[in-house]
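Novice: I have a structure I would like to understand better, so I am pasting it below and will then ask my questions one at a time.
The values are calculated or read from the model by the stated rules, or taken from the named source; none is laboratory data. For clarity, every value in this text was computed on a predicted model and none was experimentally measured. A quick note on method: Cβ atoms are made from the backbone with ideal geometry, for glycine too, and the neighbour counts reach across all protein chains shown.
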């Protein structure tokens with residue numbers, strides 16, 4: 001309840017901001033997280049990728065195949081050493097994907113999605129003392145679903161839960177290089193204890209929000225149809241009494257693009273009993289100026305109230321016919337991630353360049369991670385990243 005009360009002021013800001021948007025039609029593309037977006041019930045998402053390289057249609061259905069390769073080179077300064085790392089990114093990961101849909105009639109259809117991650121050196125597994133953990137094969141998505149034209153859709157299997165809203169909120173155009181979840185970039189890197197000049201057991205993902213929590217699980221999920229001018233409600237349930245729910249607001253707009261989300265998660269991970277998220281993004285379509293933000297409030301069994309927020313501003317423009325250029329800066333602040341009294345900060349600046357004719361994105365950027373107020377004297381981690389994302 002305390003989490004929900006804390007969200008009310010931010011909710012008011014979202015509502016006021018949404019009134020700025022004009023209610024005209026806009027064409028928005030699809031999901032950049034890598035899953036083919038066949039579900040018309042879900043909100044449309046920005047994209048720098050195509051859905052497939054191979055498609056076969058028949059009278060009542062369609063099957064598509066696609067994939068992507070996402071490699072990064074990262075220089076990490078942990079306060080003790082400068083080291084070079086070669087990794088597969090998490091946003092989105094190198095993958096192969098397939099989607100199929102088949103109509104029973106004009107109102108009812110069945111669909112399935114398979115997404116297999118193939119990552120050499122996942123950021124969640126790479127650290128200074130484990131530079132080459134090897135290749136990880138994993139079923140990121142494996143689900144079957146049913147959709148009704150008026151009632152919405154149900155998905156069963158491994159996939160994204162209703163609180164997986166980060167790609168939807170982030171309107172910066174730099175999601176491939178720097179998603180609004182700071183922990184994804186260098187999740188496994190360890191902080192150095194400044195008193196001993198040795199690696200600690202504390203890693204970036206212990207302190208900074210990422211997408212490895214309840215957001216991807218074996219679950220059953222329901223999404224409503226869009227109602228009341230752009231609202232979509234969703235709920236999902238997983239094992240061990242874990243569940244979440246979300247309310248999205250994606251109005252149709254002209255000069256402005258606007259999105260707002262509110263989620264609640266029960267037992268999302270670790271010792272966190274519950275968490276609420278509020279986020280919104282707004283972008284002026286002509287100038288490309290944009291602002292995205294997410295605030296997180298949680299509660300633990302030992303009466304901590306971990307909380308964090310991130311503000312991200314950017315500019316997206318088509319300076320050449322090759323594709324869009326995007327710039328972003330962000331700042332995040334957190335408290336009590338793993339213990340009382342802790343404070344975390346992170347900031348970054350990134351630039352992405354898309355090359356539409358060859359489905360390629362090249363990006364570069366800098367991010368700093370800092371933790372204070374812990375029992376250990378943890379030194380900041382500075383990262384410089386060069387990445388290449390190729391979709392097919």
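Novice: Going by what's in this entry, would residue 305 be described as in contact with a helix residue (DSSP H, G or I) (Cβ under 8 Å, 6 or more places away or on another chain), farther than 28 Å from residue 317 by Cβ and surrounded by fewer than 19 Cβ atoms within 10 Å (Cβ to Cβ)?
Specialist: Yes: the conditions hold for residue 305.
Novice: Suppose we filter 29, 119, 62 for residues that are under 17 Å from the mean Cα position of the chain (by Cα) and at pLDDT below 95; which single one remains?
Specialist: Every option except 29 fails the conditions.
Novice: Out of 311, 262, 315, I need the residue that is within 30 Å of residue 349 (Cβ to Cβ), in contact with a helix residue (DSSP H, G or I) (Cβ under 8 Å, 6 or more places away or on another chain) and in a strand (DSSP E or B). Which one?
Specialist: Going through 311, 262, 315 in turn, just one is within 30 Å of residue 349 (Cβ to Cβ), in contact with a helix residue (DSSP H, G or I) (Cβ under 8 Å, 6 or more places away or on another chain) and in a strand (DSSP E or B): 262.
Novice: Going through 84, 80 one at a time, which residue ends up being out of contact with any helix residue (DSSP H, G or I) (no Cβ under 8 Å at 6 or more places or on another chain), without any contact (Cβ under 8 Å) to a residue 40 or more places away in the chain, surrounded by fewer than 16 Cβ atoms within 10 Å (Cβ to Cβ) and within 21 Å of residue 368 (Cα to Cα)?
Specialist: Result of the check over 84, 80: 84.
Novice: Within the stretch 345-361, how many residues turn out to be over 20 Å from the mean Cα position of the chain (by Cα) and assigned to a strand (DSSP E or B)?
Specialist: Within the stretch 345-361, residues that are over 20 Å from the mean Cα position of the chain (by Cα) and assigned to a strand (DSSP E or B) number 1.
Novice: Looking only at residues that are in contact (Cβ under 8 Å) with a residue 60 or more places away in the chain and surrounded by fewer than 17 Cβ atoms within 10 Å (Cβ to Cβ) in the stretch 352-380, which one is nearest to residue 180 (Cα to Cα)?
Specialist: 364
Novice: Could you identify the single residue in 185, 179, 151 that is out of contact with any strand residue (DSSP E or B) (no Cβ under 7 Å at 6 or more places or on another chain) and crowded, with 23+ Cβ neighbours inside 10 Å?
Specialist: Result of the check over 185, 179, 151: 179.
Novice: So, one more: Could you tell me whether residue 328 is modelled with pLDDT of 95 or more, in a strand (DSSP E or B), within 17 Å of the chain's Cα centre (by Cα) and closer than 28 Å to residue 254 by Cβ?
Specialist: yes
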